[in-house]
1. Cα axis of helix A:93-110 to longest principal axis of chain A: angle in degrees, 0 to 90, nearest 10?
2. So what's the back-of-envelope 222 nm ellipticity for chain B, counting only DSSP H runs of four-plus at -39500 (n - 2.57) apiece and dividing by all residues, rounded to 500?
3. How far is it, in nm, from the label point at residue B:16 to the one at residue A:97 when both lie 7 Å from their Cα along the line to the Cβ?
4. Give me the one-decimal nm value for the distance between modelled label points at residue A:7 and residue B:143, 7 Å along each residue's Cα-to-Cβ direction.
5. Hey, got the average number of other protein chain Cβ atoms within 10 angstrom for residues in A:50-59?
6. Taking each residue of B:29-38 in turn, how many C-beta atoms of other protein chains fall within 10 Å of its C-beta, and what is the average?
7. Applying a 10 Å radius around every beta-carbon, put B:105-114, A:14-23, B:122-131 in order of their mean neighbour count, most first.
8. What is the extension gain from residue B:102 to residue B:62, computed as 0.36 nm multiplied by their sequence separation minus the C-alpha to C-alpha distance, in nm to one decimal?
Amino acid sequence: MTILAIFLCVTAQFFLVAGQLLFKHAMNAHQPQATKARIRNLGIGIASQAIWFFLWLGLLQNWDLSRIFPFEGLNPLLLVLGAWLILKERLTVESWVGIALITGGLVLVAR
Amino acid sequence: MTDVTVGPPASRPAVMRTFLNPYLQIVIGALLDTAGEILLKKGANAVPTAGGAGGIFGVTPLASGWTWIGIVSYVLSLVSWLYVLRSVPLSVAFPLINVVHVFVPVGASIFLHERVMPKRWLGISLIILGVFAIIKPLIKAEERL
């Protein structure tokens, strides 16, 4: 795979995860939120998922499904990295091992 | 002593109750997701890529019927997943739904005749192991959200 394809795969997963988080945040019934904020989050979530979808279709046009699908493994990885970078959560040793395994697996699949 | 009726409501036929079993739905959802991915790939293969910078986004596959059946299958898998999450804890459902990482490459080799080399299977195995190592704190975070 080219560097561009790998970059696009990672970018697509980023938009997918961002969309999922925005959806969950917008639909959360336990958290008091203004209706306006909910609608805004839902709107950005839909836009984010639309970007993911067309990036994904573009990737499918050029590469094997069995080659790009494993990039879905980035989904939990991005969430954990987001918790570490944005929410300043401390990662366990297990998480770091997981990050290493997923990254190593993707290198094997993409080559 | 009063009589107490126990067990699931008998109002639904047995077939329907089996179909609505959340664990069966995890399998059905995974199969629908796999079918969706394979159909999207068929749709993407059916039309030429758009030229220029627009080629990064796959808009042209929308002209293929395969893509639309794929979208329907994908949406159905999402409905099934939301149904599963109503009764199964995410800490149980999430590890199970990871079978798609095996289903999709197997489906791609059977239906799309893609060649999945041993090295790629090794990579897929590492990714699945990594996901399992990561999910515990992730599930806690997701349930908080």
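Here, each number is a calculation from the coordinates, and none is a lab measurement. As the structure is a prediction and not an experimental result, all values here were calculated from the model. Don't worry about glycine lacking a Cβ; one is built from the backbone with ideal geometry, like all the others, and counts go over all protein chains shown.
1. For helix A:93-110, the angle is close to 50 degrees.
2. -23500 deg cm²/dmol, from helical runs alone.
3. Simple spin-label model gives 4.7 nm for this pair.
4. Those two pseudo-labels are separated by 4.0 nm.
5. Rounded to a whole number, the mean comes out at 5.
6. 1
7. Descending packing order for the listed peptides: B:122-131, A:14-23, B:105-114.
8. Result for the pair: 11.7 nm of gain on full extension.
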